[in-house]
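Notes for the one structure printed next.
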Amino acid sequence: MLAAAGRVAAFIETGDWTLPAEAFASSGAVIVENFAPFVFEGPDAVARWADGMREHLVGVTALRHAFGPAHDFCDLGDTAYFALPTTWRGEKAGRAWTETGGWSFVLVREAGEWRVRAYAWAVTGFEFEG
């Protein structure tokens, strides 16, 4: 199940468009983010979110993530939920930064694999290093 979250994080790190299509449910995706318009839903939600994420990350380099242990895990067979502490590190304008937060994920099983039906990101801390 963490593989779906990992595919989303890999897209954010690399901007590789093939990853979100494989990570998200084929329909009904809802994404809550910390950049406008904040809620991405509807038939083109993933494409609009991906475009927004690319714009949000302009100038960011050396981006990488680390997941903490999943919390509040619930598996109902074809639907699952968990909260995932996440740390992002990167650089912008030559300054290293760290952002911590939590991702809540709702996954659905499609074609034998878990895909993201919904996620919400919440920043719990941000600081420039040095």
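Considering only residues in region 111-130 that are at pLDDT below 95 and acidic (Asp, Glu), the one that is nearest to the chain's Cα centre (by Cα) turns out to be Glu113. Within region 65-100, the set of residues being under 16 Å from the mean Cα position of the chain (by Cα) and loosely packed, with under 11 Cβ neighbours inside 10 Å comprises just one member, Pro69.
All but one of (1) within 15 Å of Arg115 (Cα to Cα); (2) part of a loop (DSSP other than H, G, I, E, B) hold for Ala21, so report the exception by its number. Of everything listed in (1) within 15 Å of Arg115 (Cα to Cα); (2) part of a loop (DSSP other than H, G, I, E, B), Ala21 misses just condition (2).
Identify, please: which residue in region 22-46 is small (Gly, Ala, Ser), surrounded by 14 or more Cβ atoms within 10 Å (Cβ to Cβ) and out of contact with any helix residue (DSSP H, G or I) (no Cβ under 7 Å at 6 or more places or on another chain) and is, among those, farthest from Phe73 (Cα to Cα)? I'd like the intermediate steps shown before the answer.
Just the residues of region 22-46 that are small (Gly, Ala, Ser), to begin with: 23, 25-29, 36, 42, 45.
Cutting the leftovers down to surrounded by 14 or more Cβ atoms within 10 Å (Cβ to Cβ) gives us 23, 25, 29, 45.
Remaining after also requiring out of contact with any helix residue (DSSP H, G or I) (no Cβ under 7 Å at 6 or more places or on another chain): 25, 45.
Working: Ala25: 19, Ala45: 25 Å.
Here the answer is Ala45.
The residues of region 20-68 that are within 19 Å of Ala3 (Cβ to Cβ) and among the aliphatic types (A, V, I, L, M), listed by number, are Ala21, Ala23, Ala25, Ala29, Ile31, Val46, Ala50, Ala66. Looking across region 76-94, the residues that are in contact (Cβ under 8 Å) with a residue 40 or more places away in the chain and over 21 Å from Phe128 (Cβ atoms) come down to Ala80, Phe82, Leu84. Filtering region 24-68 to residues that are part of a loop (DSSP other than H, G, I, E, B), touching a residue at least 24 places away in the same chain (Cβ under 8 Å) and aliphatic (A, V, I, L, M) leaves Ala25, Ala29, Leu57. Cβ-Cβ distances below 7 Å connect the following pairs, each with a first residue in region 107-130 that is closer than 28 Å to Thr61 by Cα, a second residue that is among the polar types (S, T, N, Q) and outside any strand (DSSP E or B), and a separation of six or more residues or different chains: Trp121/Asn34; Val123/Asn34.
The values are calculated or read from the model by the stated rules, or taken from the named source; none is laboratory data. Keep in mind it's a predicted model, so treat the numbers as computed, not measured. So basically every Cβ, Gly included, is an ideal-geometry build from the backbone, and we count neighbours across all protein chains shown.
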